[in-house]
Amino acid sequence: MALIQTSLQQCPAAAAFSQFLPSSSSHSSTRFSVKFAVSCFSASSPVTIVNGNVDMKSAERNEIRLGLPSKGRMATDTLDLLKDCQLSVRQLNPRQYVADIPQLSNVEVWFQRPKDIVRKLVSGDLDLGIVGLDTVSEFGQGNEDLILVHDELAYGDCRLSLAIPKYGIFEKINSVKELAQMPQWTAEKPLRVATGFTYLGPKFLKENGLQHVAFSTADGALEAAPAMGIADAIVDLVSSGITLKENNLKEIEGGVLLESQAVLVASKKSLLERKGLLDITHEILERFEAHLRALGQFTVVANMRGSSAEEVAERILSQPSLAGLQGPTVSPVFRKIDGRVKADYYAIVICVPKKQIYKSVQQLRAIGGSGVLVSPLTYIFDEETPRWRQLLSKLGL
Ligand SMILES: Nc1ncnc2c1ncn2[C@@H]1O[C@H](COP(=O)(O)OP(=O)(O)OP(=O)(O)O)[C@@H](O)[C@H]1O
Ligand SMILES: O=P(O)(O)OC[C@H]1O[C@H](OP(=O)(O)OP(=O)(O)O)[C@H](O)[C@@H]1O
Ligand SMILES: [Mg+2]
(Lines give C-alpha, C1' and ligand atoms only; values in the text may rest on other atoms or scores of the structure.)
(Ligands and ions follow the chains in the order given, each with its own letter.)
Protein backbone atom coordinates (compact mmCIF):
# COMPACT_ATOMS: atom_id res chain seq x y z
CA MET A 1 0.00 0.00 0.00
CA ALA A 2 1.49 3.36 -1.06
CA LEU A 3 1.52 6.00 1.64
CA ILE A 4 2.14 9.57 0.50
CA GLN A 5 2.12 12.49 2.89
CA THR A 6 1.65 16.19 2.15
CA SER A 7 1.56 19.41 4.11
CA LEU A 8 -1.48 21.70 3.99
CA GLN A 9 0.73 24.77 4.00
CA GLN A 10 2.59 23.53 0.97
CA CYS A 11 -0.53 22.57 -0.87
CA PRO A 12 -3.01 25.45 -1.27
CA ALA A 13 -5.64 23.20 -2.86
CA ALA A 14 -5.58 20.91 0.13
CA ALA A 15 -5.60 23.87 2.52
CA ALA A 16 -8.64 25.43 0.84
CA PHE A 17 -10.45 22.12 0.80
CA SER A 18 -9.60 21.23 4.34
CA GLN A 19 -11.81 23.93 5.88
CA PHE A 20 -14.88 22.00 4.73
CA LEU A 21 -13.79 18.80 6.37
CA PRO A 22 -14.70 17.91 9.93
CA SER A 23 -11.66 18.14 12.15
CA SER A 24 -10.90 15.40 14.58
CA SER A 25 -11.73 16.65 18.02
CA SER A 26 -11.37 15.41 21.55
CA HIS A 27 -14.38 13.21 21.10
CA SER A 28 -14.54 12.52 17.38
CA SER A 29 -14.16 8.82 17.24
CA THR A 30 -14.19 8.52 13.46
CA ARG A 31 -11.41 9.71 11.24
CA PHE A 32 -12.68 11.46 8.16
CA SER A 33 -11.71 10.00 4.85
CA VAL A 34 -12.44 11.46 1.42
CA LYS A 35 -11.56 10.90 -2.21
CA PHE A 36 -9.28 13.74 -3.18
CA ALA A 37 -6.90 14.33 -6.06
CA VAL A 38 -3.76 16.08 -4.82
CA SER A 39 -1.10 17.24 -7.20
CA CYS A 40 1.41 18.56 -4.66
CA PHE A 41 3.07 16.26 -2.18
CA SER A 42 5.83 16.59 0.33
CA ALA A 43 7.25 14.31 2.93
CA SER A 44 6.28 16.08 6.15
CA SER A 45 2.63 16.59 6.78
CA PRO A 46 -0.42 15.65 8.83
CA VAL A 47 -2.39 14.55 5.74
CA THR A 48 -2.08 10.93 4.73
CA ILE A 49 -3.18 9.73 1.33
CA VAL A 50 -3.96 6.06 1.20
CA ASN A 51 -4.66 4.81 -2.32
CA GLY A 52 -6.21 8.14 -3.30
CA ASN A 53 -8.02 8.66 0.02
CA VAL A 54 -7.01 11.59 2.19
CA ASP A 55 -7.04 10.94 5.91
CA MET A 56 -7.29 14.22 7.83
CA LYS A 57 -5.79 14.26 11.30
CA SER A 58 -5.96 17.97 12.00
CA ALA A 59 -4.72 19.33 15.25
CA GLU A 60 -6.89 19.65 18.34
CA ARG A 61 -8.81 22.88 18.11
CA ASN A 62 -9.15 25.53 20.78
CA GLU A 63 -11.86 27.61 19.13
CA ILE A 64 -15.50 27.23 20.04
CA ARG A 65 -17.64 26.49 17.00
CA LEU A 66 -21.21 27.65 16.49
CA GLY A 67 -23.11 26.26 13.49
CA LEU A 68 -25.71 28.47 11.82
CA PRO A 69 -28.04 27.62 8.91
CA SER A 70 -26.42 28.60 5.63
CA LYS A 71 -29.64 28.52 3.63
CA GLY A 72 -33.39 28.20 3.85
CA ARG A 73 -35.86 30.19 5.89
CA MET A 74 -33.95 29.71 9.14
CA ALA A 75 -30.85 31.51 7.88
CA THR A 76 -31.96 35.15 8.00
CA ASP A 77 -34.15 34.74 11.08
CA THR A 78 -31.19 33.26 12.96
CA LEU A 79 -28.92 36.16 12.03
CA ASP A 80 -31.71 38.57 13.02
CA LEU A 81 -32.08 36.93 16.44
CA LEU A 82 -28.34 37.19 17.08
CA LYS A 83 -28.35 40.83 15.94
CA ASP A 84 -31.25 41.61 18.27
CA CYS A 85 -29.11 40.19 21.08
CA GLN A 86 -26.17 42.44 20.09
CA LEU A 87 -24.34 39.44 18.70
CA SER A 88 -23.97 40.48 15.07
CA VAL A 89 -22.32 37.91 12.86
CA ARG A 90 -19.46 39.34 10.81
CA GLN A 91 -19.13 37.58 7.50
CA LEU A 92 -16.53 39.09 5.24
CA ASN A 93 -17.93 37.52 2.10
CA PRO A 94 -21.35 35.86 1.62
CA ARG A 95 -19.70 32.88 -0.11
CA GLN A 96 -17.46 32.27 2.89
CA TYR A 97 -18.69 29.62 5.27
CA VAL A 98 -16.79 30.88 8.29
CA ALA A 99 -17.51 34.08 10.19
CA ASP A 100 -17.16 35.54 13.66
CA ILE A 101 -19.09 37.45 16.29
CA PRO A 102 -16.89 40.29 17.56
CA GLN A 103 -18.60 40.26 21.00
CA LEU A 104 -17.75 36.59 21.54
CA SER A 105 -14.04 36.05 21.44
CA ASN A 106 -12.74 32.64 20.46
CA VAL A 107 -16.03 31.72 18.75
CA GLU A 108 -16.03 30.63 15.12
CA VAL A 109 -19.33 30.72 13.26
CA TRP A 110 -19.72 28.05 10.60
CA PHE A 111 -22.55 28.28 8.07
CA GLN A 112 -23.87 24.82 7.31
CA ARG A 113 -27.04 23.17 6.10
CA PRO A 114 -29.31 22.57 9.11
CA LYS A 115 -29.00 18.78 8.93
CA ASP A 116 -25.22 19.04 8.73
CA ILE A 117 -25.20 21.21 11.84
CA VAL A 118 -26.81 18.36 13.75
CA ARG A 119 -24.50 15.76 12.24
CA LYS A 120 -21.44 17.87 13.08
CA LEU A 121 -22.60 18.40 16.65
CA VAL A 122 -22.80 14.64 16.98
CA SER A 123 -19.38 14.12 15.42
CA GLY A 124 -17.86 16.82 17.64
CA ASP A 125 -16.97 19.16 14.79
CA LEU A 126 -19.36 21.81 16.10
CA ASP A 127 -20.06 22.67 19.73
CA LEU A 128 -23.23 24.74 19.45
CA GLY A 129 -25.84 25.13 16.75
CA ILE A 130 -29.12 26.81 15.94
CA VAL A 131 -31.62 24.80 13.89
CA GLY A 132 -35.26 23.71 13.96
CA LEU A 133 -36.27 21.10 16.55
CA ASP A 134 -37.51 18.96 13.64
CA THR A 135 -33.97 18.80 12.27
CA VAL A 136 -32.47 17.97 15.67
CA SER A 137 -35.01 15.18 16.15
CA GLU A 138 -34.67 13.75 12.65
CA PHE A 139 -30.91 13.84 12.30
CA GLY A 140 -30.00 13.54 15.98
CA GLN A 141 -32.11 10.37 16.23
CA GLY A 142 -32.31 10.57 19.99
CA ASN A 143 -28.55 10.87 20.44
CA GLU A 144 -27.95 11.63 24.11
CA ASP A 145 -24.99 13.87 23.36
CA LEU A 146 -27.34 16.52 21.97
CA ILE A 147 -28.61 18.89 24.61
CA LEU A 148 -31.27 21.53 24.03
CA VAL A 149 -29.96 24.68 25.69
CA HIS A 150 -32.92 26.83 24.59
CA ASP A 151 -35.96 25.09 23.12
CA GLU A 152 -38.10 28.13 22.21
CA LEU A 153 -36.30 30.71 20.13
CA ALA A 154 -39.66 31.96 18.85
CA TYR A 155 -39.20 31.62 15.10
CA GLY A 156 -39.34 28.81 12.53
CA ASP A 157 -42.61 27.63 14.04
CA CYS A 158 -44.05 24.63 12.26
CA ARG A 159 -45.22 21.11 12.96
CA LEU A 160 -44.33 17.78 11.46
CA SER A 161 -47.59 16.22 10.45
CA LEU A 162 -49.10 13.24 8.73
CA ALA A 163 -51.49 14.31 5.97
CA ILE A 164 -53.84 12.34 3.75
CA PRO A 165 -56.09 13.26 0.82
CA LYS A 166 -59.51 14.76 1.55
CA TYR A 167 -61.02 12.70 -1.25
CA GLY A 168 -61.58 9.08 -2.30
CA ILE A 169 -61.11 6.32 0.25
CA PHE A 170 -59.83 8.87 2.78
CA GLU A 171 -62.90 11.09 2.69
CA LYS A 172 -64.27 9.79 6.01
CA ILE A 173 -60.92 9.13 7.69
CA ASN A 174 -60.24 11.74 10.36
CA SER A 175 -57.75 10.18 12.76
CA VAL A 176 -54.58 8.09 12.74
CA LYS A 177 -56.54 5.37 14.50
CA GLU A 178 -59.08 5.24 11.68
CA LEU A 179 -56.27 5.26 9.12
CA ALA A 180 -54.60 2.30 10.86
CA GLN A 181 -57.89 0.38 10.89
CA MET A 182 -58.54 0.74 7.15
CA PRO A 183 -58.80 -2.75 5.62
CA GLN A 184 -57.00 -1.60 2.47
CA TRP A 185 -53.46 -1.88 3.93
CA THR A 186 -51.89 -5.32 3.57
CA ALA A 187 -48.38 -6.69 3.19
CA GLU A 188 -48.89 -6.77 -0.58
CA LYS A 189 -50.53 -3.35 -0.76
CA PRO A 190 -49.16 -1.20 2.07
CA LEU A 191 -49.99 2.42 2.85
CA ARG A 192 -47.52 4.41 0.75
CA VAL A 193 -46.05 7.37 2.61
CA ALA A 194 -43.79 10.01 1.07
CA THR A 195 -41.53 11.88 3.48
CA GLY A 196 -38.16 13.52 3.87
CA PHE A 197 -38.26 12.46 7.53
CA THR A 198 -37.08 8.91 7.12
CA TYR A 199 -36.28 8.42 10.82
CA LEU A 200 -39.24 10.13 12.50
CA GLY A 201 -41.85 9.06 9.91
CA PRO A 202 -41.46 5.27 10.20
CA LYS A 203 -40.97 5.49 13.97
CA PHE A 204 -44.24 7.40 14.39
CA LEU A 205 -46.32 5.14 12.17
CA LYS A 206 -44.96 2.03 13.85
CA GLU A 207 -45.74 3.47 17.29
CA ASN A 208 -49.26 4.20 16.08
CA GLY A 209 -50.03 0.66 15.03
CA LEU A 210 -49.65 0.99 11.26
CA GLN A 211 -48.10 -2.30 10.27
CA HIS A 212 -48.20 -2.26 6.51
CA VAL A 213 -46.41 0.88 5.37
CA ALA A 214 -44.00 1.58 2.52
CA PHE A 215 -41.96 4.76 2.51
CA SER A 216 -40.63 6.79 -0.37
CA THR A 217 -38.54 9.90 -0.06
CA ALA A 218 -38.24 13.19 -1.91
CA ASP A 219 -36.59 16.50 -1.11
CA GLY A 220 -39.47 18.87 -1.73
CA ALA A 221 -42.99 19.45 -2.99
CA LEU A 222 -44.13 16.28 -1.23
CA GLU A 223 -47.69 17.55 -1.23
CA ALA A 224 -47.88 16.63 -4.91
CA ALA A 225 -47.19 12.94 -4.30
CA PRO A 226 -50.79 11.79 -3.54
CA ALA A 227 -52.29 13.59 -6.56
CA MET A 228 -49.54 12.14 -8.72
CA GLY A 229 -50.44 8.67 -7.50
CA ILE A 230 -46.98 8.17 -5.99
CA ALA A 231 -48.14 8.03 -2.35
CA ASP A 232 -51.29 7.71 -0.24
CA ALA A 233 -50.10 9.98 2.55
CA ILE A 234 -47.23 12.34 3.37
CA VAL A 235 -45.29 13.26 6.49
CA ASP A 236 -44.04 16.83 6.10
CA LEU A 237 -43.72 20.19 7.80
CA VAL A 238 -46.82 22.34 8.04
CA SER A 239 -46.95 25.94 9.06
CA SER A 240 -49.92 27.92 7.72
CA GLY A 241 -51.49 24.77 6.24
CA ILE A 242 -51.92 26.52 2.88
CA THR A 243 -49.79 24.04 0.91
CA LEU A 244 -51.85 21.12 2.25
CA LYS A 245 -55.10 22.90 1.46
CA GLU A 246 -54.03 23.85 -2.05
CA ASN A 247 -53.20 20.20 -2.69
CA ASN A 248 -56.46 18.79 -1.31
CA LEU A 249 -54.79 17.20 1.70
CA LYS A 250 -55.81 17.24 5.37
CA GLU A 251 -54.21 16.69 8.74
CA ILE A 252 -55.92 14.17 11.01
CA GLU A 253 -56.38 13.69 14.74
CA GLY A 254 -53.30 12.28 16.42
CA GLY A 255 -51.24 12.98 13.29
CA VAL A 256 -48.82 15.60 14.63
CA LEU A 257 -45.40 14.00 15.09
CA LEU A 258 -43.69 17.06 16.49
CA GLU A 259 -44.17 20.77 17.20
CA SER A 260 -41.09 22.59 16.09
CA GLN A 261 -39.39 25.95 16.33
CA ALA A 262 -35.79 27.14 16.30
CA VAL A 263 -33.65 25.84 19.16
CA LEU A 264 -30.13 26.32 20.51
CA VAL A 265 -28.53 22.90 20.73
CA ALA A 266 -25.15 21.85 22.08
CA SER A 267 -22.95 18.83 22.27
CA LYS A 268 -22.94 17.56 25.84
CA LYS A 269 -19.41 16.26 25.53
CA SER A 270 -18.19 19.60 24.24
CA LEU A 271 -19.95 21.44 27.07
CA LEU A 272 -18.18 19.23 29.58
CA GLU A 273 -14.79 19.18 27.93
CA ARG A 274 -14.18 22.23 25.78
CA LYS A 275 -12.52 25.08 27.62
CA GLY A 276 -14.60 28.26 27.73
CA LEU A 277 -17.68 26.72 26.11
CA LEU A 278 -19.85 26.74 29.24
CA ASP A 279 -19.18 30.46 29.79
CA ILE A 280 -19.96 31.30 26.17
CA THR A 281 -23.13 29.18 26.31
CA HIS A 282 -24.19 30.98 29.48
CA GLU A 283 -23.66 34.35 27.83
CA ILE A 284 -25.57 33.40 24.67
CA LEU A 285 -28.38 31.90 26.73
CA GLU A 286 -28.66 34.99 28.93
CA ARG A 287 -28.76 37.28 25.93
CA PHE A 288 -31.39 35.13 24.19
CA GLU A 289 -33.53 34.89 27.32
CA ALA A 290 -33.33 38.61 28.03
CA HIS A 291 -34.31 39.46 24.47
CA LEU A 292 -37.06 36.85 24.17
CA ARG A 293 -38.63 37.74 27.51
CA ALA A 294 -38.69 41.38 26.52
CA LEU A 295 -40.27 40.59 23.14
CA GLY A 296 -43.61 39.80 24.72
CA GLN A 297 -43.74 42.80 27.07
CA PHE A 298 -44.35 46.54 27.05
CA THR A 299 -43.25 49.03 29.67
CA VAL A 300 -46.15 51.10 30.87
CA VAL A 301 -45.60 54.41 32.67
CA ALA A 302 -48.49 56.40 34.08
CA ASN A 303 -49.28 59.07 36.63
CA MET A 304 -51.73 58.49 39.43
CA ARG A 305 -53.09 60.73 42.17
CA GLY A 306 -52.80 59.24 45.63
CA SER A 307 -52.21 59.80 49.32
CA SER A 308 -49.18 57.50 49.64
CA ALA A 309 -47.08 55.08 47.57
CA GLU A 310 -48.64 52.14 49.43
CA GLU A 311 -52.17 53.33 48.78
CA VAL A 312 -51.40 53.70 45.03
CA ALA A 313 -49.72 50.28 44.96
CA GLU A 314 -52.75 48.71 46.59
CA ARG A 315 -55.04 50.18 43.96
CA ILE A 316 -52.78 48.86 41.17
CA LEU A 317 -52.51 45.39 42.66
CA SER A 318 -56.31 45.19 42.93
CA GLN A 319 -56.38 44.93 39.13
CA PRO A 320 -55.57 41.50 37.61
CA SER A 321 -53.60 42.79 34.60
CA LEU A 322 -51.37 45.26 36.44
CA ALA A 323 -49.18 43.09 38.65
CA GLY A 324 -46.06 43.64 36.49
CA LEU A 325 -43.10 41.29 36.59
CA GLN A 326 -42.44 41.62 40.32
CA GLY A 327 -45.08 44.16 41.27
CA PRO A 328 -45.38 47.83 40.33
CA THR A 329 -42.71 50.46 40.85
CA VAL A 330 -44.36 53.47 42.47
CA SER A 331 -42.39 56.72 42.82
CA PRO A 332 -43.54 60.02 44.26
CA VAL A 333 -43.72 63.00 41.90
CA PHE A 334 -42.80 66.03 44.03
CA ARG A 335 -44.43 69.40 43.44
CA LYS A 336 -44.40 72.70 45.29
CA ILE A 337 -47.90 73.30 46.59
CA ASP A 338 -48.61 76.45 48.67
CA GLY A 339 -44.88 76.89 49.20
CA ARG A 340 -44.38 73.34 50.47
CA VAL A 341 -42.88 70.39 48.60
CA LYS A 342 -45.49 67.65 48.49
CA ALA A 343 -46.16 64.42 46.63
CA ASP A 344 -49.80 64.06 45.67
CA TYR A 345 -49.03 62.30 42.38
CA TYR A 346 -47.15 59.08 41.83
CA ALA A 347 -45.42 57.74 38.72
CA ILE A 348 -45.96 54.08 38.23
CA VAL A 349 -43.94 51.72 36.03
CA ILE A 350 -45.05 48.20 35.17
CA CYS A 351 -44.28 45.59 32.54
CA VAL A 352 -47.35 44.34 30.75
CA PRO A 353 -47.67 41.40 28.33
CA LYS A 354 -48.22 42.80 24.85
CA LYS A 355 -51.40 40.79 24.42
CA GLN A 356 -52.93 42.42 27.49
CA ILE A 357 -51.96 45.99 26.71
CA TYR A 358 -55.38 47.43 25.98
CA LYS A 359 -57.01 45.68 28.94
CA SER A 360 -54.20 46.97 31.17
CA VAL A 361 -54.61 50.56 29.98
CA GLN A 362 -58.36 50.33 30.64
CA GLN A 363 -57.72 49.02 34.16
CA LEU A 364 -55.15 51.75 34.80
CA ARG A 365 -57.61 54.42 33.76
CA ALA A 366 -60.33 52.86 35.90
CA ILE A 367 -58.19 53.35 39.03
CA GLY A 368 -57.22 56.92 38.18
CA GLY A 369 -54.17 56.51 35.92
CA SER A 370 -53.49 59.31 33.46
CA GLY A 371 -50.88 60.17 30.84
CA VAL A 372 -50.23 56.51 30.08
CA LEU A 373 -47.00 55.98 28.11
CA VAL A 374 -46.35 52.62 26.49
CA SER A 375 -42.94 51.67 25.08
CA PRO A 376 -41.28 48.49 23.86
CA LEU A 377 -38.78 46.69 26.06
CA THR A 378 -35.42 45.61 24.69
CA TYR A 379 -34.13 43.18 27.31
CA ILE A 380 -35.29 41.71 30.60
CA PHE A 381 -32.36 40.25 32.52
CA ASP A 382 -33.50 38.13 35.43
CA GLU A 383 -31.27 37.20 38.34
CA GLU A 384 -30.71 33.81 36.83
CA THR A 385 -32.32 32.05 33.90
CA PRO A 386 -34.11 28.79 34.80
CA ARG A 387 -32.74 27.27 31.59
CA TRP A 388 -29.18 27.72 32.84
CA ARG A 389 -29.96 25.78 35.99
CA GLN A 390 -31.64 23.08 33.89
CA LEU A 391 -28.59 22.88 31.65
CA LEU A 392 -26.23 22.48 34.59
CA SER A 393 -28.40 19.73 36.00
CA LYS A 394 -28.51 17.92 32.63
CA LEU A 395 -24.71 18.07 32.67
CA GLY A 396 -24.62 16.75 36.22
CA LEU A 397 -22.91 19.95 37.43
N1 LIG B 1 -43.43 26.21 6.27
C2 LIG B 1 -42.60 26.45 7.27
N3 LIG B 1 -42.84 27.41 8.13
C4 LIG B 1 -41.99 27.67 9.14
N5 LIG B 1 -40.85 27.00 9.36
C6 LIG B 1 -40.57 26.03 8.53
C7 LIG B 1 -41.42 25.71 7.44
N8 LIG B 1 -40.87 24.74 6.77
C9 LIG B 1 -39.74 24.48 7.41
N10 LIG B 1 -39.56 25.25 8.48
C11 LIG B 1 -38.45 25.27 9.44
O12 LIG B 1 -37.32 25.77 8.74
C13 LIG B 1 -36.32 24.76 8.65
C14 LIG B 1 -35.63 24.91 7.35
O15 LIG B 1 -36.57 24.68 6.31
P16 LIG B 1 -36.30 25.18 4.85
O17 LIG B 1 -37.34 24.57 3.99
O18 LIG B 1 -36.18 26.64 4.82
O19 LIG B 1 -34.88 24.64 4.56
P20 LIG B 1 -34.46 23.22 4.12
O21 LIG B 1 -35.57 22.26 4.43
O22 LIG B 1 -33.10 23.01 4.68
O23 LIG B 1 -34.31 23.46 2.61
P24 LIG B 1 -35.08 22.75 1.47
O25 LIG B 1 -36.53 22.65 1.90
O26 LIG B 1 -34.87 23.65 0.33
O27 LIG B 1 -34.42 21.41 1.37
C28 LIG B 1 -37.08 23.46 8.86
O29 LIG B 1 -36.23 22.45 9.35
C30 LIG B 1 -38.11 23.86 9.89
O31 LIG B 1 -37.55 23.90 11.18
O1 LIG C 1 -48.07 25.08 5.78
P2 LIG C 1 -47.34 25.98 4.84
O3 LIG C 1 -47.19 27.37 5.39
O4 LIG C 1 -47.99 26.01 3.49
O5 LIG C 1 -45.85 25.46 4.70
C6 LIG C 1 -45.59 24.11 4.42
C7 LIG C 1 -44.58 23.94 3.35
O8 LIG C 1 -43.37 24.62 3.69
C9 LIG C 1 -42.29 23.72 3.52
O10 LIG C 1 -41.88 23.71 2.19
P11 LIG C 1 -40.80 24.71 1.61
O12 LIG C 1 -41.41 26.06 1.41
O13 LIG C 1 -39.59 24.65 2.45
O14 LIG C 1 -40.52 24.10 0.20
P15 LIG C 1 -39.83 22.70 -0.10
O16 LIG C 1 -40.97 21.75 -0.31
O17 LIG C 1 -39.06 22.96 -1.33
O18 LIG C 1 -38.97 22.33 1.07
C19 LIG C 1 -42.89 22.37 3.84
O20 LIG C 1 -42.10 21.33 3.28
C21 LIG C 1 -44.27 22.48 3.21
O22 LIG C 1 -44.24 22.10 1.86
MG1 LIG D 1 -38.16 23.18 2.87
Pull out all pairs, ordered by first then second residue, where Cβ-Cβ is under 9 Å, the residues are six or more apart or on different chains, the first lies in segment 86-99 and is in contact (Cβ under 8 Å) with a residue 60 or more places away in the chain, and the second is in a loop (DSSP other than H, G, I, E, B) and small (Gly, Ala, Ser). Tyr97/Ser70
Residue among Ser123, Ser137, Ser70 that alone is at pLDDT below 95 and hydroxyl-bearing (Ser, Thr, Tyr): Ser70
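If you go through segment 154-172 one residue at a time, how many are in a loop (DSSP other than H, G, I, E, B), surrounded by fewer than 22 Cβ atoms within 10 Å (Cβ to Cβ) and under 12 Å from the mean Cα position of the chain (by Cα)?
3
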Within segment 179-189, can you find the residues that are outside any loop (DSSP other than H, G, I, E, B) and either within 16 Å of ligand 1 (Cβ to nearest atom) or surrounded by fewer than 19 Cβ atoms within 10 Å (Cβ to Cβ) (or both)? Ala180, Gln181
Among the numbered criteria (1) within 15 Å of ligand 2 (Cβ to nearest atom); (2) at pLDDT 95 or above; (3) not β-branched (Val, Ile, Thr), which one does Asp219 miss? (2)
For the condition among the polar types (S, T, N, Q), within 24 Å of the chain's Cα centre (by Cα) and under 30 Å from Glu152 (Cα atoms), what is the one hit in Ser360, Ser393? Ser393
Conditions first: (1) free of Cβ contacts under 8 Å to residues at least 60 places away in the same chain; (2) among the aromatic types (Phe, Trp, Tyr); (3) not in a strand (DSSP E or B). Trp110 passes all but one, so which condition is the exception? (3)
Cβ-Cβ under 6 Å, sequence separation 6+ or interchain: first residue in segment 344-366 and farther than 12 Å from Gln319 by Cα, partner among the hydroxyl-bearing types (Ser, Thr, Tyr) and in a helix (DSSP H, G or I). Which pairs? Val352/Ser360
Within segment 190-232, which residues are in a loop (DSSP other than H, G, I, E, B) and within 16 Å of ligand 3 (Cβ to nearest atom)? Gly196, Phe197, Thr198, Thr217, Ala218, Asp219, Gly220, Ala221, Ala225
Among the residues of segment 18-34, are any under 30 Å from Glu152 (Cβ atoms), buried (at least 18 other Cβ atoms within 10 Å of the Cβ), modelled with pLDDT of 50 or more and under 33 Å from the mean Cα position of the chain (by Cα)? no
All-but-one check, Lys83 against (1) surrounded by 14 or more Cβ atoms within 10 Å (Cβ to Cβ); (2) closer than 21 Å to Ile380 by Cα; (3) away from ligand 1 (no atom under 16 Å from the Cβ); (4) of a type outside the set (Ser, Thr, Tyr), failing number (1)
Hits in segment 116-136 (condition: over 15 Å from the mean Cα position of the chain (by Cα), in contact (Cβ under 8 Å) with a residue 24 or more places away in the chain and in a helix (DSSP H, G or I)): Lys120, Val122, Ser123
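The values are calculated or read from the model by the stated rules, or taken from the named source; none is laboratory data. Note that the structure is predicted; figures quoted are calculated from it, not measured. Cβ atoms come from the backbone with ideal geometry, glycine included; neighbour counts cover every protein chain shown.
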